[in-house]
1. Tell me, what ³J(HN,Hα) does each residue in the stretch 78-94 have, in order and in whole Hz, if you take phi through Karplus 6.51 cos²θ - 1.76 cosθ + 1.60 with θ = phi - 60° and put x for Gly and Pro?
2. Going through the stretch 13-75, which trypsin sites (Lys or Arg not before Pro) have at most 15 other Cβ atoms within 10 Å and a DSSP loop state?
3. What dipole magnitude, in Debye to the nearest 20, does the stretch 3-269 give about its Cα centre under +1 on Lys/Arg Cβ and -1 on Asp/Glu Cβ?
4. I want to verify a result. In a Gaussian network model of the chain, Cα cutoff 10 Å, which of these has the top mean-square fluctuation: VAL268, VAL43, VAL231?
5. Evaluate the distance, in nm, between pseudo-label points positioned 7 Å from the Cα of SER218 and of GLU86 along their respective Cα→Cβ axes.
6. For PHE51, list long-range residues whose amide hydrogen, built 1.01 Å from N in the peptide plane, is under 5 Å from its own amide hydrogen.
7. For ASN74, which sequence-distant residues (separation of 5 or more, or a different chain) have an amide H within less than 5 Å of its own amide H, given hydrogens modelled in the peptide plane?
8. If R0 is 35 Å, what FRET efficiency do you get for LYS164 and LEU285 from their C-beta distance, rounded to 0.05?
Amino acid sequence: MPEIHAIANYHCNTGENPLWNDRDGKIYWEDIPPGRLFRADPVTGEHENFFTSTSPIGGFTFQDDDALLLFQDNKIARLSPDGKYEVLKEGIDGQMTRFNDVIADPEGRVYAGTMSNDPLGGGLFKVERDLSVTCLFRGTGCSNGMGFTPDLKQFYWTCSTRRKIYLYDYDRRTGALTRERLFYNAPPTEGFPDGMTVDTDGFIWTTRWDGYAMLKLSPEGRYLDKIGFPVGKVSSCVFGGANLDELFVTTAGGKDGKDTLDGTLYRVTKVGARGTKEFRSKIGL
């Protein structure tokens, strides 16, 4: 049976974007609205808030040169290992309020979702290595979790607004996403589908905002199992640990001065699955 352990509670308003860094053996995550970045060593138990931005951070990737690529409120920035912050591109899309959830692909480009006050104004953008940005599609108020099938031939994208996860054919050479079809339709009783990750056998692990849970789905889109959490807003997940056989799960709903479990980062062991290393972006490299 899976075992759930609390790693760090920074009372995150919107804890998100957990990423395992295989180079330093630490888990990284963020609190979106205040622009806080955290990291923790699951072996020693040490953790820290190592950077705070002046604007929200909707997602980030590890760059191949160990910098962090930050996707913020209509801008993309670089945070170097020595702490230097530099805006690389801004004014990307007038319809977004901010970026939300991002993922690097095997070629080093990035897929970056957006949120919008218009329920159809958000969408998915492709950021090439030369920093050129293309809008792939719109039609959501909240773009969310993404992932690749183990053979790297297909791509998952979550629309929280419609409570649906879609599947696309993925062209590694061009980054094109084609042949959209519905993969999973989440009933209201599950909460909103949020972040996700894919294990080496192709099973999908998808979190539930307002659902107190993370679900396991089959490669065919069937509900298989559920891991419950003591907080409602379960926001995202990623495989990590020395053997990539543990899940790190972010949650939201915390508030400063309010001592609750909401916003805690959790570690789930004994899940009976393994993940693969997340790809690193190579934007501008």
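1. Karplus values, whole Hz, x for Gly and Pro: 10, 10, 6, x, 8, x, 6, 10, 9, 6, 9, 7, 9, x, 6, 8, x.
2. Working: sites: ARG23, LYS26, ARG36, ARG39, LYS75; in loops: ARG23.
Of the trypsin sites (Lys or Arg not before Pro), the ones in loops of the stretch 13-75 whose Cβ has at most 15 other Cβ atoms within 10 Å are ARG23.
3. Working: 29 positive and 39 negative charges, 166 e Å.
The dipole magnitude comes to about 800 debye.
4. Between VAL268, VAL43, VAL231, it is VAL43 that shows the largest mean-square fluctuation.
5. Simple spin-label model gives 5.0 nm for this pair.
6. Answer set, sorted by chain and number: LEU37.
7. Answer set, sorted by chain and number: PHE99.
8. On the way: r = 34 Å, r/R0 = 0.98.
Using R0 = 35 Å, I get an efficiency of 0.55.
Values in this text are rule-based calculations from the coordinates and carry no lab data. Treat the numbers as computed from the prediction; the structure is a model and nothing was measured. Using ideal geometry, Cβ is built from the backbone for each residue, glycine included, and neighbour counts are taken over all protein chains shown.
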